Structure formats: C-alpha cells, structure tokens
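Colleague: One structure, as structure tokens, below. Some questions next.
The values are calculated or read from the model by the stated rules, or taken from the named source; none is laboratory data. Given the structure is predicted, the values throughout are model-derived calculations rather than measurements. Note that we place each Cβ from the backbone using ideal geometry, even for glycine, and neighbour counts take in every protein chain shown. What goes into the accessible areas is simple: the full protein's heavy atoms, side chains included, and nothing from ligands, DNA or RNA. Shrake-Rupley method; radii C 1.70, N 1.55, O 1.52, S 1.80 Å.
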Amino acid sequence: MMAGGSAIVVVSVGARTPLGFSAAASAAAVRAGISGIQNHPYMIDRFGEPMKVTRDVGIDAALNGPDRAAAIATAPALEALTPLRSIGHSVPVAMIVSTGEPRPGQNDDFAARMYTQLRARLSQDVALAGGGSNAGGHAGGILAIHHAYRMLKDDRAKFCLAGGVDTHLEPETLEWLDQHEQLHSDENTYGFCPGEGAGFCLMTKLQTARDFGIKPLLEVVCTAVASEENRIKTQTVCLGDGLTTAFRLLFDDAPNDPVDRIICDMNGERYRANEYGFAVLRNPGRFKDAADFETPADCWGDVGAASGPLFVSLVTEAEARGYSKGPLSLIWASSENGTRAAVLLGGPRSTR
C-alpha cells in the first residue's frame, strides 16, 4: 500500500444510526450484536402484522421528506468535520452526499432539496465549496466516496466530505416495499427491515493531513464502480456480473494481499446474497475468508445510501480500538438501479 503523500486518507468520520448518535456508539452496538429492529407504531403489512423497522428516536417523528433527511445528516456531518472545525481557520471543503433512489414517498428533487438544507446547516461551521448530490441508492454513499477520491486525486479539492443519508420510513415508501414483497416478516423471511441513518467521511491527501497536523485514520487504497444489467425486481437472472466487475476493477489497482475484512449491505434479500456468491467465485484468491462477511443491516436495519460511509466508521473504530481483523478491508454495496460500488481500505499503518 502507498505510503507517499499523494495517498488518499480518511481523517475523520461521523455516524448517526438507530443504534447510536455517533460513530463510536453505533460501532459499539454493532460489535455487540445489538438490534434496533422494532415494530412500527402504526404501519401494518399485507399480512396484518406491524412492519418491522428501525427508527432514529432522536428525530421528531413529525419530520419527513428532505427535512427529516437533513436533520439526520447534520450531526454526523459535523462530527466528521471536527478536525477542521478545531483548526481555527476556514478551509474550503467539497461536500458530496448521496440519498436513496427516487421512489414512492421520495421524488426526483429529494436529493437536491436535502443537500441545500444540509449546506445551510453546515455553512456556519465550515466553508463549503464545490461538490454536489446524487440519488444513488444503496451504493450511493460509496459512490460519494469514489467521487471524492477522484476529486482529491485530480487536485480539484483539498478536503472532501463524502456522505450518505437515507430514510425508508415514509408511509408511501413502506407500502411500496410491502407491495414488492421486500419487507421482512415472519411470513417473508427473505425481506429486509427498513431503517434510516447517515454517515460521513472527511477525506484528503496524506500530505495535506500532515501539513494540517491531522492524524489519518485509514487509507482509501482504491475505489471501483460498475453496473449490473440484470437488476432486482425484474424477470432477468442475476449472475453477479456488475459486482464481479466492480471487484475486478478494485483488485486491479490493489496490493496482492488478501482482504481481511468484508462489510456489505446484504439485508436478507436472496438477490444480494446470490450476486455476492457469483462475484466471489469469479475473484478467487482475493479473500482470506469470503464467507466471513459482515452485514450490519442485521443490527441497524437497511440504511440505504448511508451504508458505505457507515461501514467506513466501523473500520475506523476497529482500527482505533485494536480489534481489527487485519489491515485490508473491503466495503461494497448494490443499488436497485444497477450501480455496484466498492472501496478497499487500508489500516493507518499504511499511511506512515
């Protein structure tokens, strides 16, 4: 792994999930196997049972739409910006944030409206310059990290705040998921538990971090994005071509060391497990144990676009607290629109 000053590093993270209002609290809860899954207070599924969801109890239940997403995202964004806020002078930061895909309960301008609100909330604490938003779906947060990585590599920004925020709790969204037989229940074991959350990563070049006296937490070794044609909710058969390509692109740029840790957004749907199985078979020898993957959705529910940056916070906490499985971690996620995204993270020893 690179140790030069041009390496891209994560210098801070922020998280907010149904399990905790900080990166440390959320990671501790996931490590302990605590589940935030509960019955929805009033939404009933097609079997006549309460829908199983995870909720952020610290956000006003009356808030919805972009207002709710911006409220969820503010604290973790500020948490990730802590190193710059403590420096005492204004450093421009490009912010890239992804939300869930357009769907019932979340229209086409949702991402742009949330982004505008979040920028206004953060502008009192940091100078934001450049970036943007996208409705990337489950892979969206990793897509934001990918775009931030490229911006920093191309010297189009000095610092990038990459994040994802999502909430599935709009009644229209829940009813839509139920209609597509995607909700987990006693009658539908291959569904998922909708949730909400936000995660952010502050990224920069290693040399910049040194110049500002900021300690790097992880190296972003490489990123990859690909597309799957045979998507979920269609009559096609997925053989994992998109995820296979994402992994291959990633490993083409990676060291030969096998991956020590795998964290992904598998949520109980068979489609996601099947595509991962095919992708692993087509990338032999790259994993210490491909079957030893972690699925935090079991604990904090399906947090959609927030998944990727939240996975990064799990890796940083493991490194900081000494329970990492090894220096090389793979995170990946799959969007219903076909986007497949993956990032390889190196432990802080690779940045010394």
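Colleague: If a residue has to be touching a Phe, Trp or Tyr at 6+ places or on another chain (Cβ under 9 Å) and closer than 14 Å to ARG68 by Cβ to count, how many in segment 95-134 make the cut?
Modeller: Total satisfying the criteria: 3.
Colleague: Kindly provide the set of residues from segment 102-135 that are in contact (Cβ under 8 Å) with a residue 60 or more places away in the chain and either open to solvent by 50 Å² or more (accessible area, probe 1.4 Å) or part of a helix (DSSP H, G or I) (or both), ordered by number.
Modeller: PRO104
Colleague: Of all the helices (runs of 4 or more DSSP H) wholly in segment 212-301, which have at least 3 residues that are under 24 Å from PRO327 (Cβ atoms) and either touching a residue at least 60 places away in the same chain (Cβ under 8 Å) or not polar (S, T, N, Q) (or both)? It would help to see each step written out before you state the result.
Modeller: Values: elements: 241-252, 270-281, 297-300.
In segment 212-301, 241-252, 270-281 are the helices (runs of 4 or more DSSP H) which contain 3 or more residues that are under 24 Å from PRO327 (Cβ atoms) and either touching a residue at least 60 places away in the same chain (Cβ under 8 Å) or not polar (S, T, N, Q) (or both).
Colleague: Give the number of residues within segment 330-343 that are under 14 Å from the mean Cα position of the chain (by Cα) and not hydrophobic (A, V, I, L, M, F, W, C). Please lay out each step first, then the result.
Modeller: Looking only at segment 330-343, we keep the residues that are under 14 Å from the mean Cα position of the chain (by Cα), and these are 330-335, 339-343.
This time we only want the ones that are not hydrophobic (A, V, I, L, M, F, W, C), so: 334-335, 339-340.
Selection size over segment 330-343: 4.
Yes or no, residue by residue, for (1) within 26 Å of ALA80 (Cα to Cα); (2) open to solvent by 10 Å² or more (accessible area, probe 1.4 Å); (3) at pLDDT 95 or above:
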site	(1), (2), (3)
ASP292	no, yes, yes
SER313	yes, no, yes
ALA320	yes, yes, no
SER324	yes, yes, no
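Colleague: Which number in (1) closer than 30 Å to ILE8 by Cβ; (2) surrounded by fewer than 22 Cβ atoms within 10 Å (Cβ to Cβ); (3) out of contact with any Ser or Thr (no Cβ under 8 Å at 6 or more places or on another chain) marks the one condition that ALA246 misses?
Modeller: Of everything listed in (1) closer than 30 Å to ILE8 by Cβ; (2) surrounded by fewer than 22 Cβ atoms within 10 Å (Cβ to Cβ); (3) out of contact with any Ser or Thr (no Cβ under 8 Å at 6 or more places or on another chain), ALA246 misses just condition (2).
Colleague: From the list ALA62, ALA77, which residue is under 19 Å from THR17 (Cα atoms), in contact (Cβ under 8 Å) with a residue 60 or more places away in the chain and hydrophobic (A, V, I, L, M, F, W, C)? Walk me through it before giving the result.
Modeller: Details: ALA62 fails: in contact (Cβ under 8 Å) with a residue 60 or more places away in the chain.
Unique residue meeting the criteria: ALA77.
Colleague: Go through (1) open to solvent by 10 Å² or more (accessible area, probe 1.4 Å); (2) farther than 28 Å from ALA111 by Cα; (3) β-branched (Val, Ile, Thr); (4) modelled with pLDDT of 95 or more one by one and return the number of the condition THR189 breaks.
Modeller: Status for THR189: all satisfied but (4).
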